[in-house]
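For reference, the structure is listed below as C-alpha cells.
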Amino acid sequence: MSERGMAVLDQYNFEVFRISRVRGAMLVDTSEGLKLMAECSRTENRIGIEQQVLSELRKAGFPAEQYVANREGGWLSKDEYQKPHVLKDWFEGRECSARDERDCLEAVVILAKLHLALQQIGVTVEPVYNPGEVWHKHNREMGRVRKFLRNRNGKTLFERNVLETVNEYLAQGQRAAELWERSEAKPTGQLCHGNYTYHHVLLGTADFAVTGFSSLHTGYRAEDLYYFMRKVLEKNHWSLRLGAKMLETYNRIFPMGQGDWNLLYLLFLYPEKYWKQLNYYYNTRKNWISDRNRDKIDMLEQQKGGRDSFLDFLLKRTEFA
C-alpha cells in the first residue's frame, strides 16, 4: 500500500484490510465495507450537491454510489502532496458488457428507473443547456478545420480523408441545429446522470448499482439514453434490432414524449464523434496524427450504413418525418 494512499485513508475512521488498483482509482477493503478512492478536481460544494442527490436516491431504494465524509466532515481529503481525493462506498459486481444483449437491456431498464427516481428529486445542479447553441459552435469549429485544410499544403492521408468527408458531416450538424430551432416540441428538463455508460453500471447476481455521477446535471433524459445507446451500437455495428429493443425497453418503463423523441433523433443525427476528432486534430500538433484518430474516422465511415439505417428508424418517431 502506498504512503500516498495511506495519507488519505488515515483521515477516516475505519481499518484498512487491503487496497488494489482499478481503472483510475484504488479499491479499498475496509472494516466498513468496500470503498473506492480517487483523485478529484471538483469542489467541496459541488460534491456536497452530488451527495445530496445520491442520498435521496438511496432513500428511494435506488443503489447508487455514496460519498464518504472524513473525520472533519469534509468530502475532500488531501494526500501528502496536497492533491485532493474522495472516498465512496462501493459495490461488488461486474461492469455491464456492451456486447451482451441481456446486459445492455438490463442497463436500459436501470436507466429508466434512475430517471424516474431523479425526477422526484427537487435539486437543480446546473441550468438546462441549449443543444442548438452547442451545435452551432461545433459547426463553426468544423468549418474552420475545413478552411484550414483546404489551404494546407502537403496534406497527410488523414487530412485528405477529412476533406473528403467533412462536407457530409457538417451538413448533418447544420441540419440538427436547424431542426432543433424550429422544433415545436421540446423535452422537459430534469436531473440526468450525465455520463451513463456501461462502465458505470455494475451488475450482480441479484442486484445492480450505478456509479460515475460526477457529471450529474439538470438536462434532458434523452442525453443519457443517447450516450449509452451510441456507445453500445458502435460496438454492435449499429444493430437496428438491438437499438429498437433498447428503445422499447426504456419506453415500457418511462415513456418518452414527442420532445424526447425529437431530441434523441437530433443527438444521433449530430456527428459528435466526428467533430471530436476534428477538434482534437485542430488543437494539437498537426504534423503528427495518432493511429487512434485515424481509426476513429475510418470506423465512422465503415459504420455509416448502419448509422444511417438507425437514423431513418428514429426519424419516424419525430415531428420531422
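The values are calculated or read from the model by the stated rules, or taken from the named source; none is laboratory data. Quick caveat, the model's predicted, so the values are computed rather than measured. Ideal geometry is used to build each Cβ from the backbone, glycine not excepted, and the neighbour counts take in all protein chains shown.
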Assess whether Asp224 counts as being in contact with a strand residue (DSSP E or B) (Cβ under 6 Å, 6 or more places away or on another chain) and part of a helix (DSSP H, G or I). yes
Is at least one residue of region 180-192 out of contact with any strand residue (DSSP E or B) (no Cβ under 7 Å at 6 or more places or on another chain) and closer than 20 Å to Lys304 by Cβ? no
Given the criterion over 19 Å from Lys276 (Cβ atoms) and surrounded by fewer than 16 Cβ atoms within 10 Å (Cβ to Cβ), identify the matching residue among Val134, Val123, Val210. Val123
Within the set of pairs 6 or more residues apart or between chains, which connect a residue that is over 16 Å from Lys304 (Cα atoms) inside region 252-270 to a residue that is aliphatic (A, V, I, L, M) and part of a loop (DSSP other than H, G, I, E, B) with Cβ atoms less than 6 Å apart? Gln258/Ala185; Gly259/Ala185; Asn262/Ala185
Tally the residues that are part of a loop (DSSP other than H, G, I, E, B) and within 22 Å of the chain's Cα centre (by Cα), restricting the search to region 32-90. 8
From the list Ala117, Ala107, Ala98, Ala112, exactly one residue is modelled with pLDDT of 95 or more, assigned to a loop (DSSP other than H, G, I, E, B), crowded, with 16+ Cβ neighbours inside 10 Å and of a type outside the set (Asp, Glu). Which is it? Ala98
Please verify whether region 65-84 includes one or more residues that are among the aromatic types (Phe, Trp, Tyr) and surrounded by fewer than 16 Cβ atoms within 10 Å (Cβ to Cβ). yes
Out of the residues in region 8-26 that are outside any loop (DSSP other than H, G, I, E, B) and surrounded by 15 or more Cβ atoms within 10 Å (Cβ to Cβ), state the one that is nearest to the chain's Cα centre (by Cα). Ala25
On the given criteria, is Gly212 within 30 Å of Ala60 (Cα to Cα) and modelled with pLDDT under 95? no
